[in-house]
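Take a look at the structure below.
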Amino acid sequence: MHDSLDAIWTHAWARLLAGARGRADPFHQGVLASSSADGPQARYAVLRAVDPGTGTVAFHTDRRSPKCLQLGADPRVAWCFFGHGEQLRLSGTVQLHLDDAEADAAWSASGRAARVNYAGQRAPGTVAEAPGEGGPKHATARTDDAGLDVARGNFALVRLQVMSLDWLCLSAAGHVRARFDRAAGVWQASWLTP
Ligand SMILES: Cc1cc2nc3c(=O)[nH]c(=O)nc-3n(C[C@H](O)[C@H](O)[C@H](O)COP(=O)(O)O)c2cc1C
C-alpha cells in the first residue's frame, strides 16, 4: 500500500469509516481545532459520520457551546486523528445543521443516551457553583421524553467538507506521508517528505 497514492486514499477513508463505526477504534474521536478571537481552540470530538464519496465527515455538538459559536464566525477547522501508527489530519470548512432535515435525521438516529447530552439547562462552558451543575447529568436536566424534545433545540450536526487530507504513517522501516488536496472539486494527490 505504501507505494500507491490511490491505495493510501482508500485506506485513509476506510480508517475513518471504521472509526465512526467502532467505539473502541482510536479513530472514533479526534482533536478538532477551530479559530476564536482568543486564538486557536482544540478539543476532542467523536466522528459520527463519514462519506468518502462526497469527502465529508461529521460530528454532533451542543449549539450553545463555545465551539459552535466559533464555527459560526469562522467555519474553518482542522480535525486530527491518531491510531494504528497513523496520523490523519483533515481540514476544510464546516456547515452547521441546526433545524434542518439533516439535523433531524441525525437526532432521530441518536439513541437516548446520546440525546441526554443536550438536556443540560445551561450552555456548556458556563461557570458553575458545583460539579456538573447545569449539565446533562445534573438533577436539573430534564431527561423525560418531553425534556428530550426540548433538548433537540440544543443539538447541532456539524459537517466538514474535507479540502485537505494529510496521512502520515510512522514505521521503523521508513515513515511515509501523503497529502490529498481538493481544488475545483478534483482531488490532487502528492507524496510529502515525512
Ligand atoms: C473523547 C471525547 C469525545 C468528545 N466528543 C465530543 C463531541 O463529539 N462533541 C462535543 O461537542 N464535545 C465532545 N467532547 C467534549 C469536548 O471535547 C469539549 O470538552 C466540550 O465540548 C467543550 O468544548 P468547547 O468549549 O470548545 O465548545 C468530547 C470529549 C472527549 C474527551
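Residue check: is Arg76 surrounded by fewer than 19 Cβ atoms within 10 Å (Cβ to Cβ) and at pLDDT 95 or above? Considered against the rule, which asks whether it is surrounded by fewer than 19 Cβ atoms within 10 Å (Cβ to Cβ) and at pLDDT 95 or above, Arg76 comes out as yes. Which residue pairs have Cβ atoms closer than 8 Å, lie 6 or more positions apart in sequence or on different chains, and pair a first residue in region 40-65 that is under 27 Å from Ala123 (Cα atoms) and more than 8 Å from the ligand (Cβ to nearest atom) with a second residue that is part of a strand (DSSP E or B) and basic (Lys, Arg)? Pairs that qualify, where the first residue is under 27 Å from Ala123 (Cα atoms) and more than 8 Å from the ligand (Cβ to nearest atom) and the partner is part of a strand (DSSP E or B) and basic (Lys, Arg), are Ala49/Arg159; Val57/Arg159; Ala58/Arg159. Of all residues in region 86-100, those that are in contact (Cβ under 8 Å) with a residue 40 or more places away in the chain have Cβ atoms under 6 Å from Cβ atoms of residues that are hydroxyl-bearing (Ser, Thr, Tyr), 6 or more apart or on another chain, in Ser91/Ser164. Of the residues making up region 109-139, those that are surrounded by 13 or more Cβ atoms within 10 Å (Cβ to Cβ) and either farther than 15 Å from Asp62 by Cα or in contact with a strand residue (DSSP E or B) (Cβ under 8 Å, 6 or more places away or on another chain) (or both) are Ser110, Ala114, Arg115, Asn117, Tyr118, Gly120, Ala123, Pro124, Gly132, Glu133, His138. Looking only at residues in region 15-39 that are under 17 Å from Met163 (Cβ atoms) and within 11 Å of the ligand (Cβ to nearest atom), which one is surrounded by the fewest Cβ atoms within 10 Å (Cβ to Cβ)? The extreme case among them is Ala33. Filtering region 52-69 to residues that are polar (S, T, N, Q) and within 27 Å of Gly185 (Cβ to Cβ) leaves Thr54, Thr56.
In region 66-75, which residues are under 17 Å from Leu157 (Cβ atoms), in contact (Cβ under 8 Å) with a residue 40 or more places away in the chain and more than 8 Å from the ligand (Cβ to nearest atom)? Selection gives Leu71 alone. Entry remark, region 113-152: residues being touching a residue at least 12 places away in the same chain (Cβ under 8 Å), farther than 19 Å from Ala49 by Cβ and either in contact with a Lys or Arg (Cβ under 9 Å, 6 or more places away or on another chain) or not hydrophobic (A, V, I, L, M, F, W, C) (or both) number 20 in total.
Is region 160-174 home to any residue that is within 13 Å of the ligand (Cβ to nearest atom), modelled with pLDDT of 95 or more and either in a helix (DSSP H, G or I) or closer than 17 Å to Leu47 by Cα (or both)? Looking for residues that are within 13 Å of the ligand (Cβ to nearest atom), modelled with pLDDT of 95 or more and either in a helix (DSSP H, G or I) or closer than 17 Å to Leu47 by Cα (or both), one finds at least one in region 160-174, hence yes.
The values are calculated or read from the model by the stated rules, or taken from the named source; none is laboratory data. In this text the structure is predicted, and so the values were computed from the model without any measurement. Virtual Cβ from ideal backbone geometry, glycine too; neighbours counted across all protein chains shown.
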